[in-house]
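Bear in mind that the values in this text are calculations on the coordinates, not laboratory data. The shown structure was predicted, so the numbers you read here are calculated from the model rather than taken from an experiment. Neighbour counts are summed over all protein chains in view; Cβ atoms, including those assigned to glycine, are modelled from backbone coordinates with ideal geometry.
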Amino acid sequence: AEPVLKVENLKKYFPIKRGFIESLKGAPQRFVHAVDGVSFEIYKQQVFALVGESGCGKSTTGKLIVKLLEPTDGKIYLEGRDVTDIKTKEEILAYRRKVQMIFQDPFSSMNPRFRIFDVLEEPLLIHGIGETRAEREELIYKALEMVKITPPEDYVGRFPHMLSGGQRQRVAIARALILNPTFIVADEPVSMLDVSIRAEVLELMKELKEKTGVTYLYITHDMSTARYFADWMAVMYLGRIVEMGPAEKVIDNPLHPYTRALLAAVPEPKPERRNVIKELPIKGEVPSAVNIPPGCRFHPRCIYAQKGLCDAKQPQLIEYEHNHFAECHLVGKY
Ligand code: SF4
Ligand code: MG
């Protein structure tokens, strides 16, 4: 089968504003390498998690996919069609109907003066769906029922601040689903919610995937929700994917030292697995994406780094075992 979404060697470099003195000296333009050559494929009804610390480029990747940003280089394909260079208003509008985004903070993505009805009617009006108000109302009620905001008539007249955080995020999910999209980019959709309701919202998203056939890119810094929610996982570090594979493979048999370090920080609920992942310290802080270390960009923090190799040569993402990829010179050797 063809992937629903495919990205190839995707790059996003942001120019850094030069100071007055720097520009007088004619200093060369410098760039933040936010996304630096990322490739992956996502198949129908998969939950593909993009995991990493803040600043690793995962949100930028999401914004490139929904076309809130233009890539510096690389390709994006939706259902086999090259959509990298779509530019006209009509093309972008048609694309947005198929590819929706859910943000971390539903509050900031909702007009506080809009009632829930208006929040959900807006995408319908933008995309010209539903000829009459009655038709749109029917779609709005259906969408609210799908996300279990029931009975809808009790909620359509409320303002966003009158809902709980979890209800607000479910309205944001309804707003994305009301267009019947093919693909949803969910950027940290539960990280601002109370721990006790995170699983509930992710469970709902899973259920909606079964019902509607939608496919998700799940962006998160949180290994434990990724483990629970995703069936495929890519770990990002400083703009590159350093490990990728089925979620259970990545979690049960992490290949990259960085993935191991991330997992070591997650409390392991199953006691029999506690000693599988040995404590692995990472040294220091994440370097900035402006001054990317040469060679393997993880080498200044890696306890296995070898002089002359890791600090000199950029490793490539290789398939170490079936479907399980890692970008490390020493994969399997430590
Ligand atoms: Fe560590 Fe070297 Fe592998 Fe990079 S390539 S993760 S520095 S062992
Ligand atoms: Mg982010």
Requested in this report: Any chance you could check the Cα centroid distance between the stretch 286-309 and the stretch 86-129 for me, in angstrom?
Outcome: 40 Å
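For the stretch 5-326, what Kirkwood radius comes out of the mean inverse Cα-Cα distance, in Å?
21.3 Å
In a shell of Cβ-Cβ distance under 9 Å around His221, excluding His221 itself, what net charge do Lys and Arg (+1) and Asp and Glu (-1) give? Display every interim value, and only then the final one.
Values: positive: Lys58; negative: Glu53, Glu188, Asp222.
Neighbourhood net charge equals -2.
What share of the DSSP beta bridges in the chain is antiparallel, in percent to the nearest 5?
The antiparallel fraction comes to roughly 60 percent.
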Query - Charged-residue dipole, Cβ positions (Lys, Arg, Asp, Glu), the chain about Cα centre, Debye nearest 20 - result: 960 debye
Report summary line: Projected onto the charge dipole of the stretch 5-326 (unit charges on the beta-carbon of Lys, Arg, Asp and Glu, signs +1, +1, -1, -1), the Cα from Val83, Cys56, Tyr43 with the largest positive-side position is that of Cys56
Requested in this report: State, to one decimal in nm, how far the label point of Glu200 lies from the label point of Glu90, with both points 7 Å from Cα in the Cβ direction.
Outcome: 4.6 nm
Query raised in the report: Once the piece of chain linking Asp118 and Phe20 is laid out straight, how much longer is it, given 0.36 nm per residue of separation minus the C-alpha distance between them?
Result: 30.6 nm
Report summary line: Hits in the stretch 312-328: amide N under 18 Å from the 7 Å Cα→Cβ extension of Lys283, namely 312-313
Query raised in the report: Using helices alone, what [θ] at 222 nm do you get for the chain, with -39,500 (n - 2.57) per DSSP H run of 4 or more residues, divided over all residues and rounded to the nearest 500?
Result: -9000 deg cm²/dmol
Report summary line: Hull surface over four for the Cα convex hull of the stretch 18-128, reported in nm², is 10.8 nm²
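Could you order peptides 97-104, 71-78, 133-140 by the average number of other Cβ atoms within 10 Å of their residues, highest first? Kindly include the intermediate steps, with their values, before the conclusion.
Values: 97-104: 20.9, 71-78: 17.8, 133-140: 15.2.
The packing order, highest mean first, is 97-104, 71-78, 133-140.
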